[in-house]
1. Looking at Phe195, Phe231, which is the one that is within 16 Å of the ligand (Cβ to nearest atom) and either closer than 28 Å to Glu286 by Cα or aromatic (Phe, Trp, Tyr) (or both)?
2. Can you tell me which residue within segment 99-117, out of those that are closer than 14 Å to Ala56 by Cα and in contact (Cβ under 8 Å) with a residue 24 or more places away in the chain, is least open to solvent (accessible area, probe 1.4 Å)?
3. Select from segment 129-172 the residues that are within 13 Å of the ligand (Cβ to nearest atom), open to solvent by 20 Å² or more (accessible area, probe 1.4 Å) and more than 23 Å from Leu194 (Cβ to Cβ) and list them in ascending order.
4. Is it the case that Gly226 is under 20 Å from Ile150 (Cβ atoms), modelled with pLDDT under 95, open to solvent by 40 Å² or more (accessible area, probe 1.4 Å) and not β-branched (Val, Ile, Thr)?
5. Would you pick out the residues in segment 44-61 that are surrounded by 13 or more Cβ atoms within 10 Å (Cβ to Cβ), under 18 Å from Val261 (Cα atoms) and more than 13 Å from the chain's Cα centre (by Cα)?
6. Which members of segment 62-95 meet the condition of being within 14 Å of the ligand (Cβ to nearest atom), among the small types (Gly, Ala, Ser) and either outside any strand (DSSP E or B) or surrounded by fewer than 20 Cβ atoms within 10 Å (Cβ to Cβ) (or both)?
7. Does any residue in segment 212-225 that is assigned to a strand (DSSP E or B) come within less than 7 Å, Cβ to Cβ, of a residue that is open to solvent by 20 Å² or more (accessible area, probe 1.4 Å) six or more places away or on a different chain, and which pairs are these?
Amino acid sequence: MRTTRNLAALAALGLALSACASEAGNQATESAENTAEVQEDVEFDAGTTMAELNEAGAITIGTKFDQPGFGLLNPDGVPEGFDVEIGKLIAAELGIAAEEIEWVETVSANREPFIQNGQVDMVIATYTINDARKQLVDFAGPYYLAGQDIMVAAGNPEGIQGPDDLAGKNVCSVEGSTPAQNIRDNYPEATLTLFDVYSKCADALTNGQVQAVTTDNVILTGLVAGNPEGFELVGNPFTEEPYGIGLTLGDTDFRNFVNDVLEESFENGSWADAWDRTAGAITGEEAPEPPQVDRY
Ligand code: GLU
């Protein structure tokens with residue numbers, strides 16, 4: 001009798017344990033998709049951008065649509081990547097669910113005007129913080145530190161090891177980007193071909209129109225991952241590109257809020273988690289140490 005009861009108790013315990021295990025399993029799957037827990041009851045000071053967005057229950061974010069690992073449209077037409085995940089983390093703290101984010105494609109050259117004209121509430125798009133841009137928009141962050149690098153055809157037939165080797169070569173970059181400006185200013189012997197997006201540079205390298213593509217290492221890494229037989233990364237970064245979140249110039253409350261959200265995500269692991277699921281899954285590299293936010 002006793003044995004039977006014990007067995008029954010054990011069986012019940014086993015069931016309970018397996019129920020726990022499967023719940024944990026479900027949670028793990030959900031968090032693989034989106035760790036951002038939407039804040040239900042947040043209150044913001046009246047008149048702030050945070051209050052307006054929270055009230056609207058929606059936000060418009062500009063990002064890239066053709067950069068694997070950072071912002072790339074999936075087959076359903078929804079962007080995925082590290083920048084997209086950062087956007088979801090910020091939206092969640094504003095009480096806005098991921099489904100309520102309207103994603104707008106911002107290419108390198110239209111990021112400032114899209115912020116200035118109010119076409120987007122923010123830009124998260126491999127967007128380097130620099131002094132010239134700070135005249136036009138505000139930046140929260142940085143939330144990642146990239147560096148300009150070079151991508152060449154697999155096997156590196158031209159033997160390009162760094163920017164000095166671009167002299168006399170056709171090199172592709174994107175209009176309105178810091179890498180294009182750097183080539184123009186400091187490596188004028190390179191012949192620059194400019195497109196609006198980096199995927200067109202990858203095509204130009206494939207068809208032999210250019211011998212190199214230059215932009216941030218992490219963008220190039222994504223392109224190499226998409227065509228490892230065709231491309232390789234030189235792997236010798238020669239600038240610093242701190243990625244910031246572009247906001248309306250002078251909206252200091254909003255900038256402080258976004259900086260707070262970033263710092264919190266650095267501390268609670270959601271930033272590293274977002275990296276691991278996106279860019280990190282492509283590079284195979286663990287999340288680096290988060291950078292220091294610059295509250296300039
Ligand atoms: N981070 C650089 C920039 O903001 C290059 C990448 C890009 O064009 O988005 O211009």
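The values are calculated or read from the model by the stated rules, or taken from the named source; none is laboratory data. On a predicted model such as this, the values are computed, not experimentally measured, just so you know. FYI the Cβ positions are ideal-geometry reconstructions off the backbone, even for glycines, and counts take in every protein chain you see. Note: accessible area is taken over every heavy atom of the protein model, side chains too, but ligands, DNA and RNA are not part of it. Shrake-Rupley method; radii C 1.70, N 1.55, O 1.52, S 1.80 Å.
1. Step by step, each of Phe195, Phe231 is checked, and only Phe195 is within 16 Å of the ligand (Cβ to nearest atom) and either closer than 28 Å to Glu286 by Cα or aromatic (Phe, Trp, Tyr) (or both).
2. It comes out as Ile101.
3. The answer is Lys134, Tyr144, Leu145.
4. Considered against the rule, which asks whether it is under 20 Å from Ile150 (Cβ atoms), modelled with pLDDT under 95, open to solvent by 40 Å² or more (accessible area, probe 1.4 Å) and not β-branched (Val, Ile, Thr), Gly226 comes out as yes.
5. Scanning segment 44-61 gives Phe44, Thr48, Thr49, Met50, Ala51, Glu52, Leu53, Asn54, Ala58, Ile59, Thr60.
6. Gly69, Gly81, listed by residue number.
7. Filtered contacts from segment 212-225: Ala212/Lys169.
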